[in-house]
Amino acid sequence: MKRIVLAFAAAIGLFTTTSTFAQVQFGVRGGAHWGTVSKPAILDNYSPSFQLSPGPQGALFLDIPVSERVSFRPELGYSQKGLVLRESFSFDVLGVPVPLGARIALQTRNIDLPLLAKINLASTESSVQPYLIAGPAVSYAADSRVRARAEGLFRTQPFDLNVPLGGVMNRWDVSGVGGLGLAFNAGAGQFVLEGRYVHGLTRQIEVPVVQLPVRNRGVSVSLGYSFPIGQ
């Protein structure tokens with residue numbers, strides 16, 4: 001995690017001293033992330049379908065112009081990734097079907113370092129500016145847990161079980177990020193509304209001999225605000 005913070009600080013120092021096209025923007029954004037993982041074909045007949053797991057996400061970011069339409073967008077963020085499994089069945093009691101089931105969520109809390117390119121699709125003079133963002137991201141899982149509860153005829157309170165990381169479960173994840181955004185001029189700064197897709201490239205389960213292609217996937221929506229700094 002220290003390496004992620006140091007890399008973000010180095011990016012700030014390098015680009016805030018070299019950008020000459022426009023003022024650097026500092027911003028904060030927050031919203032929701034819906035995560036899941038890719039399901040290996042070997043598990044298709046032995047487990048329920050993987051569903052989206054909702055959780056919070058947010059970031060501090062810089063918008064550093066490198067040309068009139070392109071800027072560099074380093075971020076230091078937090079996200080909750082994972083997946084949800086639901087299993088349900090019923091049995092008869094005196095001819096009456098009784099539903100039973102369970103919801104099991106795997107949740108990891110991550111420190112993220114996206115290093116993105118932002119491409120403006122409109123002039124910076126426009127009051128509304130659509131843009132594209134894309135690039136790599138590195139994530140470090142600070143902790144992980146399984147949260148389970150019974151569902152069906154009745155619902156229990158969830159209970160948590162910590163999951164050790166660094167052995168079978170991989171702490172690190174490299175992913176590709178792509179998305180669309182809208183910036184709205186507001187006072188000295190801008191409101192930013194973004195939607196993103198995250199495609200994990202790193203196997204999250206490291207089992208000897210059997211290489212399970214379990215990789216993070218997710219979509220997110222966030223709202224933020226940025227304002228000029230520096231010059």
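A few comments on the model shown:
- Largest to smallest in accessible area, the residues Glu68, Glu75, Glu206 fall in the order Glu68, Glu206, Glu75 (1.4 Å probe, all protein chains included).
- The listed residues Tyr131, Tyr197, Tyr78, once ranked by accessible area (1.4 Å probe) with the largest placed first, stand as Tyr197, Tyr78, Tyr131.
The values are calculated or read from the model by the stated rules, or taken from the named source; none is laboratory data. Since the structure is predicted, the reported quantities are computational estimates derived from the model, not experimental observations. We work out accessible area using only protein heavy atoms, side chains counted, and drop any ligands, DNA or RNA first. Shrake-Rupley method; radii C 1.70, N 1.55, O 1.52, S 1.80 Å.
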